[in-house]
(Lines give C-alpha, C1' and ligand atoms only; values in the text may rest on other atoms or scores of the structure.)
Protein backbone atom coordinates (compact mmCIF):
# COMPACT_ATOMS: atom_id res chain seq x y z
CA UNK A 1 0.00 0.00 0.00
CA UNK A 2 1.01 3.59 -0.46
CA UNK A 3 0.71 6.38 2.12
CA UNK A 4 1.25 10.10 1.77
CA UNK A 5 3.62 11.62 4.29
CA UNK A 6 3.74 15.32 5.10
CA UNK A 7 6.35 17.09 7.20
CA UNK A 8 6.04 20.39 9.01
CA UNK A 9 8.25 22.98 10.71
CA UNK A 10 11.79 21.71 11.46
CA UNK A 11 11.01 18.31 9.91
CA UNK A 12 9.86 19.98 6.69
CA UNK A 13 13.10 21.96 6.57
CA UNK A 14 15.12 18.75 6.93
CA UNK A 15 13.08 16.36 4.74
CA UNK A 16 11.00 18.47 2.36
CA UNK A 17 7.23 19.01 2.47
CA UNK A 18 5.96 15.57 1.47
CA UNK A 19 6.65 12.18 -0.05
CA UNK A 20 4.84 8.95 -0.92
CA UNK A 21 5.97 5.80 0.88
CA UNK A 22 5.28 2.13 0.03
CA UNK A 23 4.47 -0.03 3.04
CA UNK A 24 3.27 -3.58 3.73
CA UNK A 25 -0.52 -3.76 4.19
CA UNK A 26 -1.61 -3.16 7.78
CA UNK A 27 1.53 -1.31 8.84
CA UNK A 28 1.20 1.03 11.80
CA UNK A 29 2.29 4.64 12.09
CA UNK A 30 5.21 3.47 14.22
CA UNK A 31 6.25 1.00 11.53
CA UNK A 32 6.22 3.81 9.00
CA UNK A 33 8.49 5.86 11.26
CA UNK A 34 10.85 2.85 11.54
CA UNK A 35 10.94 2.47 7.73
CA UNK A 36 11.85 6.14 7.36
CA UNK A 37 14.53 5.96 10.09
CA UNK A 38 16.01 2.87 8.42
CA UNK A 39 16.81 4.96 5.35
CA UNK A 40 19.54 6.65 7.36
CA UNK A 41 20.74 10.18 6.67
CA UNK A 42 18.49 13.07 7.63
CA UNK A 43 15.46 10.83 8.05
CA UNK A 44 17.30 8.79 10.69
CA UNK A 45 18.47 11.95 12.40
CA UNK A 46 15.23 13.91 12.73
CA UNK A 47 12.83 10.95 13.19
CA UNK A 48 15.10 9.01 15.59
CA UNK A 49 13.49 7.34 18.59
CA UNK A 50 13.87 9.65 21.55
CA UNK A 51 13.34 12.75 19.41
CA UNK A 52 10.11 14.60 20.21
CA UNK A 53 8.10 13.86 17.06
CA UNK A 54 4.31 14.07 16.96
CA UNK A 55 2.17 12.51 14.25
CA UNK A 56 -1.23 12.74 12.69
CA UNK A 57 -3.34 10.32 10.67
CA UNK A 58 -5.76 11.74 8.12
CA UNK A 59 -5.43 15.16 9.76
CA UNK A 60 -6.13 14.08 13.35
CA UNK A 61 -3.57 13.79 16.14
CA UNK A 62 -2.61 10.13 16.31
CA UNK A 63 -0.33 7.76 18.17
CA UNK A 64 2.08 5.29 16.67
CA UNK A 65 0.00 2.22 17.43
CA UNK A 66 -2.63 3.19 14.88
CA UNK A 67 -2.83 1.14 11.70
CA UNK A 68 -2.56 2.78 8.30
CA UNK A 69 -4.78 2.20 5.30
CA UNK A 70 -3.88 2.56 1.63
CA UNK A 71 -3.94 6.23 0.67
CA UNK A 72 -3.67 7.46 4.28
CA UNK A 73 -2.27 10.93 4.93
CA UNK A 74 0.32 10.93 7.71
CA UNK A 75 1.87 14.03 9.23
CA UNK A 76 5.14 14.12 11.19
CA UNK A 77 6.04 17.28 13.08
CA UNK A 78 7.60 18.63 16.27
CA UNK A 79 5.50 19.46 19.36
CA UNK A 80 3.06 22.22 18.49
CA UNK A 81 3.64 25.82 19.60
CA UNK A 82 0.64 27.86 18.49
CA UNK A 83 -1.51 30.33 20.40
CA UNK B 1 -26.58 34.51 10.45
CA UNK B 2 -23.93 32.38 12.12
CA UNK B 3 -20.36 33.23 11.16
CA UNK B 4 -17.77 30.48 10.66
CA UNK B 5 -16.40 29.35 13.99
CA UNK B 6 -12.79 29.13 12.86
CA UNK B 7 -10.66 31.46 10.75
CA UNK B 8 -7.00 30.82 9.90
CA UNK B 9 -5.51 33.74 8.01
CA UNK B 10 -2.48 35.93 7.50
CA UNK B 11 -4.33 39.21 8.01
CA UNK B 12 -5.06 40.93 11.30
CA UNK B 13 -8.41 40.84 13.13
CA UNK B 14 -10.54 43.47 14.83
CA UNK B 15 -11.53 42.39 18.33
CA UNK B 16 -14.56 44.69 18.54
CA UNK B 17 -15.89 43.59 15.14
CA UNK B 18 -15.37 39.91 15.98
CA UNK B 19 -17.20 40.22 19.31
CA UNK B 20 -20.03 42.22 17.74
CA UNK B 21 -20.52 39.55 15.06
CA UNK B 22 -20.43 36.75 17.61
CA UNK B 23 -23.22 38.15 19.79
CA UNK B 24 -25.26 39.76 17.03
CA UNK B 25 -28.95 38.92 17.20
CA UNK B 26 -28.66 36.76 20.33
CA UNK B 27 -30.37 38.53 23.24
CA UNK B 28 -29.79 35.47 25.41
CA UNK B 29 -26.14 36.45 25.69
CA UNK B 30 -25.28 37.90 29.07
CA UNK B 31 -21.51 37.44 28.99
CA UNK B 32 -18.78 37.79 26.40
CA UNK B 33 -15.25 36.65 27.22
CA UNK B 34 -12.41 37.12 24.77
CA UNK B 35 -8.71 36.36 24.85
CA UNK B 36 -6.15 37.90 22.50
CA UNK B 37 -2.63 36.47 22.30
CA UNK B 38 0.11 38.76 20.97
CA UNK B 39 3.67 38.30 19.78
CA UNK B 40 5.80 38.78 22.86
CA UNK B 41 9.50 39.46 22.83
CA UNK B 42 10.64 37.17 25.62
CA UNK B 43 13.96 38.94 25.65
CA UNK B 44 12.61 42.45 25.98
CA UNK B 45 13.54 44.10 29.27
CA UNK B 46 10.68 44.73 31.66
CA UNK B 47 8.45 47.54 30.54
CA UNK B 48 10.32 48.39 27.37
CA UNK B 49 10.85 46.89 23.96
CA UNK B 50 14.52 47.05 23.09
CA UNK B 51 14.68 45.82 19.52
CA UNK B 52 18.44 46.33 19.28
CA UNK B 53 19.14 44.29 22.41
CA UNK B 54 20.96 40.98 21.86
CA UNK B 55 18.41 38.18 21.68
CA UNK B 56 15.52 40.49 20.88
CA UNK B 57 12.96 38.96 18.55
CA UNK B 58 12.74 40.85 15.28
CA UNK B 59 10.24 38.60 13.50
CA UNK B 60 8.04 35.56 14.04
CA UNK B 61 6.87 33.08 11.41
CA UNK B 62 3.84 30.90 12.07
CA UNK B 63 3.45 27.68 10.11
CA UNK B 64 0.42 25.39 10.26
CA UNK B 65 -1.07 22.25 8.75
CA UNK B 66 -3.82 23.53 6.43
CA UNK B 67 -6.97 21.49 6.77
CA UNK B 68 -5.94 19.74 9.96
CA UNK B 69 -5.75 23.04 11.83
CA UNK B 70 -9.35 23.98 11.04
CA UNK B 71 -10.54 20.46 11.77
CA UNK B 72 -8.72 20.33 15.12
CA UNK B 73 -10.10 23.66 16.30
CA UNK B 74 -13.64 22.79 15.18
CA UNK B 75 -13.37 19.64 17.31
CA UNK B 76 -12.16 21.73 20.26
CA UNK B 77 -15.17 24.03 19.97
CA UNK B 78 -17.47 20.97 19.82
CA UNK B 79 -15.85 19.74 23.03
CA UNK B 80 -16.20 23.17 24.67
CA UNK B 81 -19.91 23.16 23.78
CA UNK B 82 -20.31 19.73 25.38
CA UNK B 83 -18.56 20.81 28.58
CA UNK B 84 -19.88 24.32 29.06
CA UNK B 85 -23.22 26.03 28.66
CA UNK B 86 -22.09 28.50 26.00
CA UNK B 87 -24.02 30.11 23.18
CA UNK B 88 -21.31 30.72 20.56
CA UNK B 89 -17.54 30.58 20.14
CA UNK B 90 -15.08 31.86 17.59
CA UNK B 91 -11.35 31.26 17.11
CA UNK B 92 -9.16 33.34 14.80
CA UNK B 93 -5.50 32.40 14.40
CA UNK B 94 -2.97 34.17 12.21
CA UNK B 95 -0.24 32.44 10.22
CA UNK B 96 2.72 33.67 8.18
CA UNK B 97 5.12 36.47 9.09
CA UNK B 98 4.34 38.48 12.24
CA UNK B 99 6.17 41.16 14.20
CA UNK B 100 6.56 41.80 17.95
CA UNK B 101 3.35 43.36 19.27
CA UNK B 102 1.14 41.84 16.57
CA UNK B 103 -2.04 40.00 17.48
CA UNK B 104 -1.75 36.23 16.91
CA UNK B 105 -4.86 34.56 18.23
CA UNK B 106 -8.40 35.39 19.32
CA UNK B 107 -10.72 33.15 21.30
CA UNK B 108 -14.16 34.65 21.98
CA UNK B 109 -17.05 32.96 23.75
CA UNK B 110 -20.59 34.05 24.60
CA UNK B 111 -22.85 32.58 27.26
CA UNK B 112 -25.80 33.53 29.45
CA UNK B 113 -23.60 33.97 32.54
CA UNK B 114 -19.92 34.83 32.93
CA UNK B 115 -18.70 31.66 34.62
CA UNK B 116 -19.25 29.39 31.66
CA UNK B 117 -17.78 31.88 29.20
CA UNK B 118 -14.63 32.39 31.29
CA UNK B 119 -14.12 28.65 31.62
CA UNK B 120 -14.82 27.84 27.98
CA UNK B 121 -12.44 30.56 26.80
CA UNK B 122 -9.62 29.27 28.98
CA UNK B 123 -10.37 25.67 28.03
CA UNK B 124 -10.20 26.51 24.32
CA UNK B 125 -6.91 28.36 24.72
CA UNK B 126 -5.35 25.54 26.77
CA UNK B 127 -6.53 23.00 24.23
CA UNK B 128 -5.30 25.01 21.26
CA UNK B 129 -1.83 25.47 22.76
CA UNK B 130 -1.12 21.74 22.82
CA UNK B 131 -3.39 20.20 20.16
CA UNK B 132 -3.63 22.57 17.20
CA UNK B 133 -0.92 22.10 14.56
CA UNK B 134 0.87 25.46 14.60
CA UNK B 135 4.60 26.04 14.88
CA UNK B 136 6.42 29.29 15.70
CA UNK B 137 9.82 30.20 14.36
CA UNK B 138 11.41 33.28 15.84
CA UNK B 139 14.14 35.41 14.36
CA UNK B 140 16.70 37.29 16.45
CA UNK B 141 19.95 39.00 15.52
CA UNK B 142 21.61 35.61 16.17
CA UNK B 143 19.44 33.81 13.62
CA UNK B 144 16.16 31.92 13.38
CA UNK B 145 15.02 29.08 15.62
CA UNK B 146 11.90 26.99 16.17
CA UNK B 147 10.23 27.75 19.49
CA UNK B 148 10.18 24.88 22.03
CA UNK B 149 6.89 23.57 23.36
CA UNK B 150 6.28 24.20 27.08
CA UNK B 151 5.52 21.51 29.62
CA UNK B 152 3.47 24.15 31.47
CA UNK B 153 1.03 24.15 28.54
CA UNK B 154 0.48 20.39 28.92
CA UNK B 155 -0.12 20.96 32.63
CA UNK B 156 -2.69 23.65 31.83
CA UNK B 157 -4.68 21.20 29.70
CA UNK B 158 -4.37 18.46 32.34
CA UNK B 159 -6.44 20.64 34.67
CA UNK B 160 -9.39 19.87 32.38
CA UNK B 161 -8.77 16.15 32.62
CA UNK B 162 -7.07 15.88 29.22
CA UNK B 163 -3.57 14.41 29.02
CA UNK B 164 -1.67 16.12 26.22
CA UNK B 165 1.97 15.02 26.31
CA UNK B 166 2.79 17.54 23.59
CA UNK B 167 5.99 18.90 25.12
CA UNK B 168 7.07 15.63 26.77
CA UNK B 169 9.77 13.13 25.70
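The values are calculated or read from the model by the stated rules, or taken from the named source; none is laboratory data. In this text, all values refer to a predicted model and were calculated from it rather than measured experimentally. Ideal geometry is used to build each Cβ from the backbone, glycine not excepted, and the neighbour counts take in all protein chains shown.
Observations on the model:
- Residue within the range A:36-46 that is surrounded by 14 or more Cβ atoms within 10 Å (Cβ to Cβ), touching a residue at least 24 places away in the same chain (Cβ under 8 Å), within 13 Å of chain B (Cβ to nearest Cβ) and under 30 Å from residue B:124 (Cβ atoms) present: no
- Answer from A:16, A:26 - the residue that is more than 13 Å from chain B (Cβ to nearest Cβ), closer than 30 Å to residue B:105 by Cβ and surrounded by fewer than 17 Cβ atoms within 10 Å (Cβ to Cβ): A:16
- Residues (facing another protein chain (nearest Cβ under 8 Å) and within 13 Å of residue B:93 (Cβ to Cβ)) located in the range B:105-159: B:105, B:125, B:128, B:129, B:131, B:132, B:133, B:134, B:135, B:136
- Check on residue A:32, surrounded by 14 or more Cβ atoms within 10 Å (Cβ to Cβ), more than 25 Å from residue B:148 (Cβ to Cβ) and more than 11 Å from chain B (Cβ to nearest Cβ): yes
- On the stretch given as the range B:53-79, residues that are touching a helix residue (DSSP H, G or I) at 6+ places or on another chain (Cβ under 9 Å) and closer than 13 Å to residue B:123 by Cα total 5.
- Exactly one residue among B:94, B:82, B:90 is more than 9 Å from chain A (Cβ to nearest Cβ), touching a helix residue (DSSP H, G or I) at 6+ places or on another chain (Cβ under 9 Å) and at pLDDT 95 or above, and that residue is B:90.
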